[in-house]
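A quick write-up on the structure given underneath.
Please treat every number below as a calculation from the coordinates, not as lab data. Since the model is a prediction, treat every value here as computed from it, not as a measurement. Counting neighbours? That spans all protein chains shown, and the Cβs are built from the backbone with ideal geometry, glycine included.
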Amino acid sequence: MITMTRLEKVIELIQETRPQRIAVLTGAGISAESGVPTFRGPQGLWRNFRPEQLASPDAFRRDPKLVWEWYDWRRELVRKCEPNAGHAALAELERERPDTTTVITQNVDGLHPRAGSRNIIELHGNLYRARCTQERTVIAFDAPLESIPPMCECGAMLRPDIVWFGESLDSADMDRATHAASEADLLLIVGTSGVVYPAAGLVYVARGTTIEINPDETPLTEQCDWSLQMPSSEALPQLVAAILGRP
Ligand code: BV8
């Protein structure tokens, strides 16, 4: 008796149910194989700093220079990374199904747009944007820092266009993400430890099939219909091929 692997069972389920509306919630794990450090775990970004120390309005008020140095370090690190087969598979899915594919990402690394995805909801902002602390205008921010902290033309300080702990997410983004997650026939939860809210809460509004892709178990695992404990760069190309009805 040859037992089907869990991945084969999931692929068979997708081939039978032929889900149309696909939403994907991604976290740092989808970028791990691109060389971008995750937050938690042995090599995580947080191993040296506690999130509150750097990714919070208090940290920025206390020491904007330190916070900007940390984000500048991350921008330069991510700039050297390339999207991987997982990002590419989601971009391919959207090319084939432009009206029914939504990527909801917690990541600020900009690898989804660099891979070609367009219908993206960046819940936590983006490393390559900055916001004026006075006028709240948002600018593309990709140049190496001339001065730390960088200043807006109006004379006020710029801050990273990132949602910090204790800051509310953009309500329009959360509404769009909640709509996409609840309307999806299939919600993929990829590379997230499922500890940060309100993003992790999107799994609980899903009404379609939920599949987690993560080598580790997370607090979301038992909430999902399926858990594929494997790297996303291996799983996503196979799941996208099944969704697109390819052999
Ligand atoms: C909010 C930007 C309303 C920064 C981030 C007390 C006071 C204030 C708030 C709270 C509080 N208690 C709880 C909260 C709510 C808080 C929260 O959830 N805290 C948690 C930690 C307990 N949330 C907030 O503050 C949010 N705002 O609630 O506003 C409010 C206002 C005031 C008071 C109360 C509420 C704002 C949350 C956004 C914070 N900003 N990022 C920056 O990036 O610099 S969150 C940060 O964590 C990142 O953005 C990241 O996206 C996010 C989640 O992490 P993950 O993406 O899941 O990454 P992680 O490393 O954890 O996991 C990676 C996973 O990948 C692992 O499971 C691993 O196994 C897996 N993996 C590894 N390799 C692979 C893989 N998977 C697949 N393939 C592989 N190859």
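Summary table
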quantity: Charge dipole (the chain, unit charges on Cβ, about Cα centre) - positive-most of Pro64, Leu187, Val78; calculated: Pro64
quantity: Using alpha-carbon coordinates, inclination of helix 171-183 to the longest axis of the chain, degrees; calculated: 10
quantity: Sequence-separation-based contact order of the chain, relative, with Cα cut under 8 Å and 6+ spacing, percent; calculated: 25
quantity: The stretch 1-138 - charge dipole about Cα centre, Lys and Arg +1 at Cβ, Asp and Glu -1, debye rounded to 20; calculated: 340
quantity: Signed unit charges on C-beta, dipole axis of the chain, positive-most listed residue Thr218, Cys154, Thr3; calculated: Cys154
quantity: Dipole moment magnitude, nearest 20 debye, the chain about Cα centre, only Lys, Arg, Asp, Glu C-beta charged; calculated: 260
quantity: Low-density loop cleavage sites - chymotrypsin sites (Phe, Trp or Tyr not before Pro) in the stretch 150-204, where at most 16 other Cβ are within 10 Å (DSSP); calculated: Phe165
quantity: Calculated [θ] (222 nm, deg cm²/dmol) that DSSP helices of n ≥ 4 give over the chain, each run adding -39,500 (n - 2.57); calculated: -9500 deg cm²/dmol
quantity: For a label point 7 Å along the Cα-to-beta-carbon line of Thr17, residues of the stretch 184-225 with backbone N under 15 Å; calculated: 184-189, 203-213, 223-225
